[in-house]
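The values are calculated or read from the model by the stated rules, or taken from the named source; none is laboratory data. Here the structure is a predicted model, which is why all the values come from computation and not from measurement. When we count neighbours, we look across all protein chains shown, and the Cβ atoms used for this are built from the backbone with ideal geometry, even at glycine. Calculation scope for accessible area: heavy atoms of the full protein, side chains included, ligands and nucleic acids excluded. Shrake-Rupley method; radii C 1.70, N 1.55, O 1.52, S 1.80 Å.
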Amino acid sequence: MEHLVSSWCNDRSLPESYILPPEDRPGMLPLGKNIPVVDLGAHDQTDILQQILEASQEFGMFQVINHGVPSNLIDEAMGVFKEFHALSAEDKAIETSKDPDKSCYMYTSSHNYATEKFHFWRDGLLHHCNPLEKYIQFWPDKPPKYREVVAIYTAELRKVGFRILEFIAQGLRLNPDHFSSELGENQVLLVNHYPPCPDPSLTLGLCKHRDPLVINILLQSDVYGLEVFKDEEWIGVEPIPNAFVVTLGVLMQIISNGKLKGAEHRVVTNSNLARTTASFALHPLYETLIEPAKALVDASNPALCKSFSFKDFMIKYRAAASYGTAFEELLSGTPD
């Protein structure tokens with residue numbers, strides 16, 4: 001745990017290993033733009049579907065409000081996430097080393113910390129959520145209410161996720177339950193923490209990337225940091241109280257045969273404020289076959305990608321997820 005940014009960032013300047021090349025450092029943001037906001041509580045279900053489909057095609061990302069998750073539960077969850085990251089490095093090590101199979105663990109920067117060319121200004125707590133009875137025993141015991149609150153919170157996000165996936169399936173003219181079994185049953189929570197950074201102009205919390213998943217449901221704090229890349233510019237994602245940011249991943253782009261967009265995004269840092277976020281990711285089960293949905297492939301719309309197992313995909317993704325790896329490079333040569 002000695003590498004955790006939060007363990008040493010208060011008394012050091014920005015180390016050279018965190019300083020990105022000039023062309024990759026954060027630039028000036030365009031003003032007056034934001035991603036679409038979808039009201040899931042609206043009465044017109046057809047209109048909700050259309051808004052989700054359009055946002056998924058144009059941005060690969062949108063925010064949802066009136067989603068049904070109680071605001072007091074959201075506040076409680078963010079509270080325990082912040083409390084966990086405020087623990088000592090020793091306590092974090094104890095709380096994330098209970099499972100020999102590492103279904104709950106901490107890391108800093110990325111999974112490739114030891115080999116990556118540049119580091120990123122974040123610490124992450126990751127743990128599996130489904131089935132709950134299998135994994136909750138390995139979740140942190142500190143802070144004391146972590147397991148109780150997060151179990152309820154992730155159950156609510158599961159409902160939101162599958163409701164959104166049903167809208168997406170209908171928008172693609174697939175069976176409404178297309179994503180509701182193997183494609184979304186591997187659910188993982190990633191709680192990221194971005195401490196105040198000595199010089200946000202030189203580094204990033206996360207580099208430009210697409211997520212290796214179907215969809216992700218992000219709880220932002222009230223501190224700005226998330227940006228999405230569209231039309232050759234970065235657009236800031238405004239924090240909206242009690243909203244969730246829904247991001248489509250690489251796998252959704254593949255399954256939709258390119259009809260929907262896996263969002264390219266990054267995270268910038270802040271010189272004065274810490275930022276804590278929680279990402280609830282819906283992945284396939286590891287042996288699930290990933291391929292374009294058969295209903296979306298015909299003579300006029302050939303498959304844009306070969307079939308592969310999610311397990312093989314993740315091995316390739318993690319091996320290639322060093323700084324600057326492009327989506328197209330990742331998929332080239334993916335096994336059948």
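Tabulated results
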quantity	calculated
Residues (within 20 Å of A86 (Cα to Cα) and touching a His at 6+ places or on another chain (Cβ under 9 Å)) located in the range 111-122	R122
Complete set of residues in the range 230-263 that are of a type in the set (D, E) and at pLDDT 95 or above	none
Filtered residues of the range 268-286 (kept if open to solvent by 20 Å² or more (accessible area, probe 1.4 Å), closer than 22 Å to V160 by Cβ and assigned to a loop (DSSP other than H, G, I, E, B))	L285
Test: residue in the range 150-170 that is within 20 Å of M252 (Cβ to Cβ), under 20 Å from the mean Cα position of the chain (by Cα) and among the acidic types (D, E)	yes
Enumerated strands (runs of 3 or more DSSP E) restricted to the range 156-265, each holding at least 2 residues that are among the aliphatic types (A, V, I, L, M) and in contact (Cβ under 8 Å) with a residue 24 or more places away in the chain	186-194, 215-219, 226-230, 244-248
